Amino acid sequence: MERAAGQVNVRRVYDEPRADDGTRVLVDRLWPRGLAKARARVDEWPKSLTPSTELRRWYHGPEGEYEEFCRRYESELAEPPAAQALSRLRALAAEGPVTLLTAAKDPAAAHTSVLLRLLGR
């Protein structure tokens, strides 16, 4: 799935890289299963920009709810070093195309939608 948002796109990391991807940024905390690093062609992997392990476990547990996940994730992104990583992402987007990569099956219902909103896309 692909979602264009100005200079920022969201794609599944398992999709073949494209010439117009620009800077490819993996925004998952864990490396995607079964994917060779050479095939993924990831330029940056800012783990501090990803949801914490605790937040991921809560969201995928029985009590996890998307709107609350988004609120909690935004709170995490306001804290250093996540805030610094978000600033870096904004700078990259100002310089040219950026593609946020995720293994999520539905990127629109994942943390990438929060990132897009905070990037003003």
Could you check ALA91 against (1) buried (at least 18 other Cβ atoms within 10 Å of the Cβ); (2) over 14 Å from the mean Cα position of the chain (by Cα); (3) closer than 15 Å to LEU116 by Cα and say which number it fails? (1)
Mind listing whichever residues of the stretch 75-88 are in contact (Cβ under 8 Å) with a residue 12 or more places away in the chain and either in contact with a strand residue (DSSP E or B) (Cβ under 7 Å, 6 or more places away or on another chain) or surrounded by fewer than 11 Cβ atoms within 10 Å (Cβ to Cβ) (or both)? none
The listed residue being over 18 Å from LEU119 (Cβ atoms), touching a residue at least 60 places away in the same chain (Cβ under 8 Å) and not hydrophobic (A, V, I, L, M, F, W, C), out of ARG33, ARG41, ARG57, ARG72: ARG33
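A quick yes/no check of all residues on (1) touching a Pro at 6+ places or on another chain (Cβ under 9 Å); (2) modelled with pLDDT under 95; (3) of a type in the set (S, T, N, Q):
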| position | (1), (2), (3) |
| --- | --- |
| GLN7 | yes, yes, yes |
| VAL13 | yes, no, no |
| PRO17 | no, no, no |
| GLY22 | yes, no, no |
| GLY34 | no, no, no |
| VAL42 | no, no, no |
| TRP45 | no, no, no |
| SER48 | yes, no, yes |
Can you name the residue in the stretch 11-61 that is of a type in the set (A, V, I, L, M, F, W, C) and in a loop (DSSP other than H, G, I, E, B) and, of all such residues, is surrounded by the fewest Cβ atoms within 10 Å (Cβ to Cβ)? ALA36
Pairs, please: C-beta under 7 Å, at least 6 apart or cross-chain, first residue within 15 Å of PRO32 (Cα to Cα) and of a type outside the set (A, V, I, L, M, F, W, C) and in the stretch 99-113, second part of a strand (DSSP E or B) and at pLDDT below 95? PRO107/ARG3
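The values are calculated or read from the model by the stated rules, or taken from the named source; none is laboratory data. Just so it is clear, the model here is predicted, and its values are computed rather than measured. A quick note on method: Cβ atoms are made from the backbone with ideal geometry, for glycine too, and the neighbour counts reach across all protein chains shown.
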